[in-house]
Amino acid sequence: MKKRICFTLQVKRELLEEYKLRHRSVWPEMQAALRETGWSNYSLFLREDGLLVGYLETEDFEAALAGMAATGVNRRWQEDMARFFDGVPGRKADEQMWPLEEVFHLEG
């Protein structure tokens, strides 16, 4: 059964427009790797102050993260995108995706 995962990151305000531009053309091999490692219904939402909210569905979030971490395309993507994020120094954005606790879900 798939679990719903939501996480937040912080995009630097001065790079918001470029961040949005980059996501209009996510590399096809990156998209394929996400699908192959169990990421589905993956969406990113960005607020004007840089708050980034991610949502995905997966059977095992830790396995999905580990699967992506093992791919060359993810390493290249993370290196290319690192400058966009505020966060823990020395940690890539995908190493800071700590799930939020779901407190309500309206089904149906």
Subject >> For peptides 70-82, 92-104, sequence by mean Cβ density within 10 Å, most packed first >> reply: 70-82, 92-104
Original post:
Using +1 on the beta carbon of Lys and Arg, -1 on that of Asp and Glu, and nothing else charged, what's the dipole of segment 3-95 about the Cα centre, debye to 20?
Top reply: 140
Original post:
At 222 nm, what helix-only mean residue ellipticity would the chain give, in deg cm²/dmol to the nearest 500, using -39500 (n - 2.57) for each DSSP H run of four or more?
Top reply: -9000 deg cm²/dmol
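Using a Förster distance of 22 angstrom, determine the FRET efficiency expected from the C-beta separation of E36 and F104, and round it to 0.05. Working shown, then result.
Values: r = 31 Å, r/R0 = 1.43.
It comes out at approximately 0.10.
For R47 and E17 in the same chain, what is the full-extension length gain: residue separation times 0.36 nm, less their Cα-Cα distance, in nm?
Extending this stretch completely gives an extra 9.7 nm.
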**OP:** Could you tell me which of L51, T8, Q31 has its Cα farthest along the dipole of segment 3-95 towards the positive end, charges placed at Cβ (Lys, Arg +1; Asp, Glu -1), taken about the Cα centre?
**Re:** L51
**OP:** First check a/c for segment 1-48, with a ≥ b ≥ c the square roots of the eigenvalues of its C-alpha gyration tensor; if it is under 1.5, answer rounded, and if not, answer prolate when a/b is larger than b/c or oblate otherwise.
**Re:** oblate
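No lab work stands behind these numbers, since they all come straight from the coordinates. Just so it is clear, the structure is predicted and the values come from calculations on it, not from any experiment. So basically every Cβ, Gly included, is an ideal-geometry build from the backbone, and we count neighbours across all protein chains shown.
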